[in-house]
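**Q** The structure's right below; bear with me while I get my questions together.
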Amino acid sequence: MTAVSGTTATTWKRKLGKSSPLIYGTISFILGIGLWWWATKSGMSELPSPFAVLQRFAELALSGQLFADMYASLRRVLIGFALGSILAVPVGFLMGWYPIARGFIDPWIQFFRVIPPLAIIPLAIVTLGIDEKPKIFVIFLAAFLSSVVSTYQGVVSVDKTYINAARVLGAKDGVIFTRVVIPASTPFILVGFRIGLGSAWATVVAAELIAAQSGLGFRMQQAQLYYELPTIFVSLIAIGILGLVMDRIVVWAEDRLTHWQERV
Amino acid sequence: MTSAPKIEFRNLRKTFGEGASLFTAIDNLDLQIRDGEIVTVVGPSGCGKSTAMNIVAGLTDVSSGECRVDGKLVNGPGPERGVIFQQYALFPWLTVRENVEFGLRIQGVGKKDRETRALHYLDLVGLKAFADAYPKTLSGGMKQRCAIARAYAVNPSVLLMDEPFGALDALTRVKLQNQLLDTWSRDKRTVMFITHDVDEAVYIAHRVIVLAANPGRLQEIIEVDLPFPRNDEVRLSPEFITLRNKVWRAVYHRDDQAA
Ligand SMILES: Nc1ncnc2c1ncn2[C@@H]1O[C@H](COP(=O)(O)OP(=O)(O)OP(=O)(O)O)[C@@H](O)[C@H]1O
Ligand SMILES: [Mg+2]
């Protein structure tokens with residue numbers, strides 16, 4: 001009897017221990033919203049109340065506007081990010097594998113890396129026009145630069161013993177590349193994707209604030225002109241949620257693809 | 001000696017760097033290892049043990065002189081020379097079985113055959129139950145046994161082992177030493193085994209090669225005329241103690257004499 005109640009107690013403790021971050025997170029979230037509501041209600045702040053924001057959210061969602069904006073922003077990010085990473089992986093491998101390629105490409109990457117992608121926008125608009133191209137290009141650049149550096153870093157930091165172990169088992173360069181270098185650098189590449197997606201998302205919103213006719217950033221820009229604070233809030237929250245969801249997806253992929261990694 | 005040596009170093013010299021930073025890691029090494037012989041290599045840190053082994057493995061070039069295996073000049077690594085590294089070097093993204101299959105896959109062995117052979121060697125080292133586990137879930141001794149199975153699987157005629165049991169506890173060490181000898185008694189592969197442990201060097205060897213440092217060179221070769229099979233009785237015999245003392249003196253007392 002005692003043994004049974006003992007185990008139940010420990011199970012309970014374990015359950016509480018495991019879920020407590022979630023519980024604390026939820027409590028903290030509710031408190032935050034409460035504080036916001038109280039601040040707007042008591043007239044301490046001119047911000048819209050949570051209910052006003054919720055109402056605007058419902059309006060924008062029902063009219064379809066919100067989803068159209070989300071779609072426009074996401075489309076740009078995903079196209080730019082996909083193009084950037086698809087190019088970054090082979091270029092990163094090339095740089096890691098061949099010192100000559102590194103010598104040729106690295107100075108350019110180092111240079112463009114210190115230019116904020118947004119600074120390219122005026123140039124992109126002048127040369128690529130005002131439609132989707134300049135925005136996608138800037139996002140492409142942001143995603144490419146962060147992914148290429150981490151892929152390259154991943155390749156050069158592949159443990160030499162793995163390569164030697166493969167060689168003494170009879171592996172030649174081709175096999176070493178596909179069966180050792182690629183899997184060994186996958187964790188680095190995925191970290192690059194995560195950073196790349198983050199910077200692509202930051203870039204798209206900023207780009208839309210500057211020059212766009214659609215998207216969440218454009219909506220905020222419009223709302224700013226008409227002093228539509230609830231719309232700005234709705235857009236900000238949508239940006240946050242979408243960013244979070246994309247980040248979680250990459251983390252999930254990371255866990256699945258690199259479950260073999262020793263984590264400390 | 002009747003047959004040609006399995007491994008032969010002839011007037012071998014290996015230097016690193018050049019100009020002012022030129023460093024002689026191995027100087028004028030002449031050594032022959034017979035087919036089916038177990039040779040252990042001991043010597044102070046930095047005396048070129050790993051360098052010599054990497055040269056046999058084909059992972060490092062010679063500066064002058066030559067290194068031959070089966071009479072042929074070593075030119076790059078090959079599956080007939082199996083290497084077991086101190087850091088295990090298991091591929092963490094592959095399961096235990098996939099690690100053992102790695103070399104077989106390169107040789108183009110079919111899927112089914114590969115699996116059968118991998119499981120056979122895993123059984124030999126007592127890891128069959130862990131075939132589908134990832135290396136991160138194994139203990140140090142299990143990792144090293146997996147690395148041994150991986151090396152055996154491609155059926156090399158020479159085993160090169162660089163402090164393979166260096167990171168393991170004493171008990172696991174002795175177990176793996178016995179396992180190595182047990183396997184050797186059946187297949188009589190040539191073994192070149194680097195160690196820092198004088199007891200280990202004597203226990204498993206036909207001959208102990210003692211190297212000296214600065215520059216790395218041959219100091220002494222000690223014949224181990226203890227009977228096979230080696231077991232606890234041998235390990236506790238006065239002859240064993242005499243030999244281990246002799247090796248100890250050759251490795252550690254040199255400095256006193258030189259000074
Ligand atoms: N790639 C390299 N470049 C320069 N020097 C090297 C290189 N590899 C080895 N050396 C030098 O050659 C010498 C012999 O190295 P080696 O690794 O063979 O020693 P070791 O006998 O295996 O030592 P330990 O017992 O510590 O493993 C050392 O002084 C080392 O610094
Ligand atoms: Mg060494």
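**Q** Compute, for the protein assembly as shown, the length of the dipole vector about the Cα centre, with Cβ point charges of +1 (Lys, Arg) and -1 (Asp, Glu) only. Units Debye, rounded to 20.
**A** Value, rounded to 20: 820 debye.
**Q** OK, next. Please report, for the Cα atoms of the range A:49-257, the Rg to one decimal and the Dmax as a whole number; what are they, in angstrom?
**A** 20.5, 70
**Q** Moving on to the next point. How large is ³J(HN,Hα) for each residue in the range B:115-128, as worked out from phi by the Karplus curve 6.51 cos²θ - 1.76 cosθ + 1.60 (θ = phi - 60°), to whole Hz, x for Gly and Pro?
**A** Working through the residues one at a time gives 5, 4, 5, 4, 5, 4, 6, 5, 5, 4, 9, x, 10, 4 Hz.
**Q** Other chains near A:159-165: what is the mean number of their Cβ atoms within 10 Å of each residue's Cβ?
**A** Mean inter-chain Cβ contacts per residue within 10 Å come to 6.
**Q** Explain nothing, just compute: Karplus ³J(HN,Hα) = 6.51 cos²θ - 1.76 cosθ + 1.60, θ = phi - 60°, for every residue of the range A:100-106 in order, whole Hz, x for Gly and Pro.
**A** Computed from phi, the couplings for the range A:100-106 are 5, 4, 4, x, 6, 8, 3 Hz.
**Q** How many Cβ atoms of partner chains, on average, are near each residue of B:85-93 if near means within 10 Å of its Cβ?
**A** Working: counts 5, 1, 4, 2, 9, 3, 8, 8, 13.
The shielding value for this peptide is 6.
**Q** Ok, one more. Peptides A:111-120, A:140-149, A:198-207: what's the order by average Cβ count within 10 Å, highest mean first?
**A** Going by the mean number of other Cβ atoms within 10 Å, highest first, we get A:140-149, A:198-207, A:111-120.
**Q** Ranked from the most accessible area to the least, with a 1.4 Å probe and all protein chains present, what is the order of A:Arg263, A:Arg102, B:Arg114?
**A** Per-residue accessible area, sorted high to low, gives A:Arg263, A:Arg102, B:Arg114.
**Q** With each label point set 7 Å from Cα along the Cα-Cβ vector, what nm distance links B:Thr137 and A:Leu35?
**A** 4.4
**Q** Here is a follow-up. Please state the relative contact order of chain B as a whole percent: Cα pairs under 8 Å, 6+ residues apart? Can you show the working numbers first?
**A** Details: 486 pairs, mean separation 64.3, N = 259.
RCO, chain B: 25 percent.
**Q** Based on the alpha carbon coordinates of the range B:82-155, what radius of gyration and maximum Cα-Cα distance (Dmax) apply, in Å?
**A** Reported Rg and Dmax, both Å: 10.8, 31.
**Q** In terms of the Cα gyration tensor, with a ≥ b ≥ c the square roots of its eigenvalues, is the range B:66-105 rounded because a/c is under 1.5, prolate because a/b exceeds b/c, or oblate? Present the calculation step by step, with values, prior to reporting the outcome.
**A** Values: a/c = 3.82, a/b = 2.23, b/c = 1.71.
Cα axes put the range B:66-105 in the prolate bin.
**Q** Return the average number of partner chain Cβ atoms within 10 angstrom of each residue Cβ along peptide B:101-107.
**A** The mean count of partner-chain Cβ atoms within 10 Å per residue comes to 4.
**Q** Each label point is 7 Å from the Cα along the Cα-to-Cβ direction; what then is the distance between the points at B:Asp113 and A:Leu54, in nm?
**A** 7.0
**Q** In whole Hz and in residue order, list the ³J(HN,Hα) couplings for the range A:171-188 that follow from phi through the Karplus curve 6.51 cos²θ - 1.76 cosθ + 1.60, θ = phi - 60°; x for Gly and Pro.
**A** 6, 9, 3, x, 5, 4, 5, 6, 9, 10, 5, 5, x, 5, 9, 3, x, 5
**Q** Tell me, what is the FRET efficiency for A:Arg113 and A:Thr178 to the nearest 0.05, using R0 = 22 angstrom and their Cβ-Cβ distance as r?
**A** 0.15
**Q** At what distance in nm do the modelled label points of B:Ile241 and B:Asp123 sit from each other, each positioned 7 Å from its Cα along Cα→Cβ?
**A** 4.3
**Q** If you take the beta carbon distance between A:Ile100 and A:Arg263 as r and set R0 to 30 Å, what does 1/(1 + (r/R0)^6) give as a FRET efficiency, to the nearest 0.05? Mind dumping the intermediate values first?
**A** Details: r = 36 Å, r/R0 = 1.19.
The calculated FRET efficiency here is 0.25.
**Q** Quick one: compute the contact order of chain A, relative version, from alpha carbon pairs under 8 angstrom and 6+ residues apart, as a percent.
**A** So the answer I get is 22 percent.
**Q** How much accessible area does B:Arg249 have with a 1.4 Å probe, in Å² rounded to the nearest 10?
**A** Here the accessible area works out near 140 Å².
**Q** Please list, ordered by chain and number, the residues whose modelled amide H lies under 5 Å from the amide H of B:Val83; skip anything fewer than 5 residues away on the same chain.
**A** HN-HN under 5 Å from B:Val83: B:Leu160.
**Q** Another one. Sequence gap of 8 or more, or different chains, plus Cα separation below 28 Å: how many lysine pairs satisfy both in the range B:100-259?
**A** The number of close lysine pairs in the range B:100-259 is 17.
**Q** For the full complex of protein chains and a 1.4 angstrom probe, list B:Thr24, B:Thr137 by accessible area with the highest value first.
**A** Output order, biggest surface exposure first: B:Thr137, B:Thr24.
**Q** If the cut-off is a Cα-Cα distance under 29 Å, which lysines reach A:Lys133, setting aside same-chain residues fewer than 8 apart in sequence?
**A** none
**Q** Amide H of B:Gly216: which non-local residues (sequence gap of 5 or more, or other chain) have their own amide H closer than 5 Å, using H built in the peptide plane?
**A** B:Ile26, B:Asp27
The values are calculated or read from the model by the stated rules, or taken from the named source; none is laboratory data. Keep in mind that what you see is a predicted model, and the values were worked out from it rather than measured. Heads up, the Cβs are rebuilt from the backbone with ideal geometry, glycines too, and the neighbour counts pull from every protein chain shown. Note: accessible area is taken over every heavy atom of the protein model, side chains too, but ligands, DNA and RNA are not part of it. Shrake-Rupley method; radii C 1.70, N 1.55, O 1.52, S 1.80 Å.
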